[in-house]
Amino acid sequence: MDPALTIVWIGGVALALVLVYGVYHLLVRRKVIVSQRVETYAGVENEAARAAEAELRQRTRVTGWFGRLLGGGYMGRLQERLVQADVPMRASEIILLRLVLAGIGFLLGSYSFGNMHSGVILAVLGFVAPAIYLTVRHGRRRAKFVRQLSDALMLLTNSLRAGYGFLKGLELIAKEMDDPISKELKRLLHEVNLGATIEQALANMGRRLNSADLDIVISAYLVQKDVGGNLTEVTEKVAETIRERLRIQGDVKVLTSQGRFSGYVVGLLPFVLVLLILMEKPDYFKPMLGEPKMFFFGMEAPLGVLILIGAGLWQVVGWYWIYKTVSIKV
């Protein structure tokens with residue numbers, strides 16, 4: 001069979017499997033989840049908690065396969081990253097998406113540019129693109145949450161002065177403010193209504209957002225609850241502290257913007273040029289794969305390959321040096 005037809009056949013089968021799984025998820029899986037939730041709220045509180053826990057731990061067959069192949073720890077960390085980025089997908093679904101994008105990139109690169117190198121490059125880019133998207137989305141979501149945090153604390157302070165309780169103040173913030181803080185507080189209140197303590201719900205929210213500013217708020221509340229004191233004054237002081245941190249971080253970001261841009265250029269430009277050269281002229285680096293050769297860690301390798309590896313390592317070192325220079329913690 002023609003290798004090109006084989007690649008197309010494999011890609012078509014992969015896309016068909018993903019389509020079947022998506023149809024199953026839409027038509028069957030959601031109905032099962034809805035029925036389980038109805039049964040959960042219809043029972044007593046203990047039965048509801050056990051049913052909810054069983055629903056969270058339930059896995060599809062695809063999830064089980066990936067769990068055995070990649071390990072439960074990796075799947076758990078990947079699912080936590082999806083929660084942090086607020087992406088409504090399962091860990092198995094994002095892995096399937098990465099594989100499909102890698103296959104599509106390989107087919108496009110192989111047939112559009114007419115060489116295998118371009119297919120491999122686009123396949124790698126398609127595979128890592130979802131991971132980069134999750135990281136960027138989580139960072140933007142966390143930054144927006146931090147910008148909302150000081151205003152939310154001032155609203156909570158005013159609510160406490162008006163006679164509201166702590167949870168009632170959080171409920172007011174969830175109604176008045178926008179996402180992501182509104183969504184996170186609604187999730188926190190939902191966990192408390194299902195039987196979790198306020199400490200557990202705050203800890204879960206802190207783990208989802210992974211923000212140093214939110215950790216300050218949680219620590220201040222827990223200390224006030226254990227030691228005692230005026231919660232209104234505590235929240236007001238924390239709001240002022242976070243607002244001052246944001247101001248200083250903005251000044252530092254402006255002063256280090258040139259260094260950060262230089263780091264992006266120094267770190268990415270050589271690798272981008274190599275990728276473009278390989279896509280246009282795949283044989284450009286072929287002379288570096290031949291003679292002369294030398295022994296390296298007991299193995300014979302072309303000197304040109306060792307030079308390229310050394311240059312890449314020095315590029316990484318230079319980028320890391322710039323990153324550490326402009327990364328000033330406030």
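The table that follows gives values for the structure above.
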quantity	calculated
Residues being in contact with a helix residue (DSSP H, G or I) (Cβ under 6 Å, 6 or more places away or on another chain), among the basic types (Lys, Arg) and under 14 Å from Arg208 (Cα atoms) - total across the range 132-182	2
Given (1) over 19 Å from Leu214 (Cβ atoms); (2) small (Gly, Ala, Ser); (3) free of Cβ contacts under 8 Å to residues at least 12 places away in the same chain, index of the condition Gly126 fails	(3)
Boolean, Pro287 is farther than 24 Å from Leu153 by Cα, touching a residue at least 12 places away in the same chain (Cβ under 8 Å), outside any helix (DSSP H, G or I) and not aliphatic (A, V, I, L, M)	no
Test for Gly163: is it at positive phi and of a type outside the set (A, V, I, L, M)	yes
The one condition in (1) free of Cβ contacts under 8 Å to residues at least 40 places away in the same chain; (2) closer than 21 Å to Lys144 by Cα that Val252 fails to fulfil	(1)
Residue match in the range 200-220 (condition: closer than 21 Å to Ala85 by Cα and hydroxyl-bearing (Ser, Thr, Tyr))	yes
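For every residue, the table says whether it meets (1) at pLDDT 85 or above; (2) within 26 Å of Glu199 (Cβ to Cβ); (3) among the aromatic types (Phe, Trp, Tyr).
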{"position": "Gln84", "(1), (2), (3)": "no, yes, no"}
{"position": "Pro88", "(1), (2), (3)": "no, no, no"}
{"position": "Ile95", "(1), (2), (3)": "no, no, no"}
{"position": "Ser118", "(1), (2), (3)": "no, no, no"}
{"position": "Ala131", "(1), (2), (3)": "yes, no, no"}
{"position": "Gln148", "(1), (2), (3)": "yes, yes, no"}
{"position": "Thr157", "(1), (2), (3)": "yes, yes, no"}
{"position": "Lys175", "(1), (2), (3)": "yes, yes, no"}
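To keep it simple, each residue is scored yes or no on (1) of a type in the set (Gly, Ala, Ser); (2) under 25 Å from the mean Cα position of the chain (by Cα).
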position: Arg260; (1), (2): no, yes
position: Gly267; (1), (2): yes, yes
position: Phe271; (1), (2): no, yes
position: Leu275; (1), (2): no, no
position: Leu278; (1), (2): no, no
position: Gly290; (1), (2): yes, no
position: Gly304; (1), (2): yes, no
position: Leu308; (1), (2): no, no
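Conditions (1) in a helix (DSSP H, G or I); (2) within 20 Å of Thr235 (Cβ to Cβ); (3) more than 17 Å from the chain's Cα centre (by Cα); (4) outside the structural domain of Leu273 (by TED's automatic domain parsing), marked per residue:
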residue: Leu108; (1), (2), (3), (4): yes, no, yes, yes
residue: Ile121; (1), (2), (3), (4): yes, no, yes, yes
residue: Ile132; (1), (2), (3), (4): yes, no, no, yes
residue: Gln148; (1), (2), (3), (4): yes, yes, yes, yes
residue: Met154; (1), (2), (3), (4): yes, yes, yes, yes
residue: Ser159; (1), (2), (3), (4): yes, yes, yes, yes
residue: Leu170; (1), (2), (3), (4): yes, yes, yes, yes
residue: Lys175; (1), (2), (3), (4): yes, yes, yes, yes
residue: Val217; (1), (2), (3), (4): yes, yes, yes, yes
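The values are calculated or read from the model by the stated rules, or taken from the named source; none is laboratory data. It should be emphasised that the depicted structure is a prediction, and the values quoted were computed from it without experimental measurement. Neighbour counts run over all protein chains shown; Cβ positions are idealised from the backbone, glycine included.
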